[in-house]
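Everything below concerns the one structure shown next.
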Amino acid sequence: DTLTAVMLMVVTLVGTLIHIYAIGYMHGDSRFQRFFIYMNLFMAAMLILVLANSYLMLFVGWEGVGLCSFLLIGFWFEKDVNGEAARKAMVANRVGDYGVMLAMFAMFIGLGSLQFSEVFKAAGSASQTLITGITLLMVIGVAGKSAQIPLYVWLPDAMAGPTPVSALIHAATMVTAGVYLIARSFPLFHLVPDVQAFVGILGAVTALFAGSI
């Protein structure tokens, strides 16, 4: 659909430009091949995420980009500070991922499916409490992946990785995975205006907080 098409253009176009830049940036590095294996694995995971037609397949891509973030932030692991930054990113993202997993469990038990089309169809007749719970759990995952309060702590340290990593993952694509999840799940969020307002407030507070520091 249109949302997937837009994300595909962003991921592939920005990813291609950053790959070209990275060839020069990483020239002479002793692990040049390994770096591009990790970068391409990230691209594959991000494409799985945006092409998925169910929450289960989306979660495969979601976990894939988290793994690649860990590998790339800590790419120069000879320095302890880089390894610590990678660990912090992994832990903060895992906290968020538990939220997404719990949302999927609630969805499967309460709505009977993880397919986007079937979930959105069943949501209209589901209880308000169930939809509120599912969407709030998703927001925990979004906070981890898109570095919102309180799970923003990993993002400043993520600059320990090579610059192309910061450009591709932490500026262009992985941090937009949280935005994509909310946009993809909008038929659910549409049913609970209070959660929509909470997402807006969370984003605004995070933006003001980030600007102030």
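Values computed for the structure shown
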{"read-out": "Subset of region 26-57 (residues that are open to solvent by 90 Å² or more (accessible area, probe 1.4 Å) and in a helix (DSSP H, G or I))", "value": "Q33, R34, I37, L51, L56"}
{"read-out": "Selection status of A147, assigned to a loop (DSSP other than H, G, I, E, B) and either touching a residue at least 12 places away in the same chain (Cβ under 8 Å) or in contact with a Leu (Cβ under 9 Å, 6 or more places away or on another chain) (or both)", "value": "yes"}
{"read-out": "Residue among Y21, Y38, Y55 that is among the aromatic types (F, W, Y) and over 30 Å from W76 (Cβ atoms)", "value": "Y55"}
{"read-out": "Residue match in region 66-89 (condition: charged (D, E, K, R), assigned to a helix (DSSP H, G or I), closer than 28 Å to S117 by Cβ and in contact (Cβ under 8 Å) with a residue 24 or more places away in the chain)", "value": "no"}
{"read-out": "Residue among L130, L188 that is open to solvent by 40 Å² or more (accessible area, probe 1.4 Å), of a type outside the set (D, E, K, R) and in a helix (DSSP H, G or I)", "value": "L130"}
{"read-out": "Verdict on P156 being open to solvent by less than 30 Å² (accessible area, probe 1.4 Å), part of a helix (DSSP H, G or I) and within 30 Å of K79 (Cα to Cα)", "value": "no"}
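The values are calculated or read from the model by the stated rules, or taken from the named source; none is laboratory data. Computed from a prediction, not measured in an experiment: that's the story for all the values here. FYI the Cβ positions are ideal-geometry reconstructions off the backbone, even for glycines, and counts take in every protein chain you see. Each accessible area value is taken on the protein alone, full model and side chains, heavy atoms only, with ligands, DNA and RNA left out. Shrake-Rupley method; radii C 1.70, N 1.55, O 1.52, S 1.80 Å.
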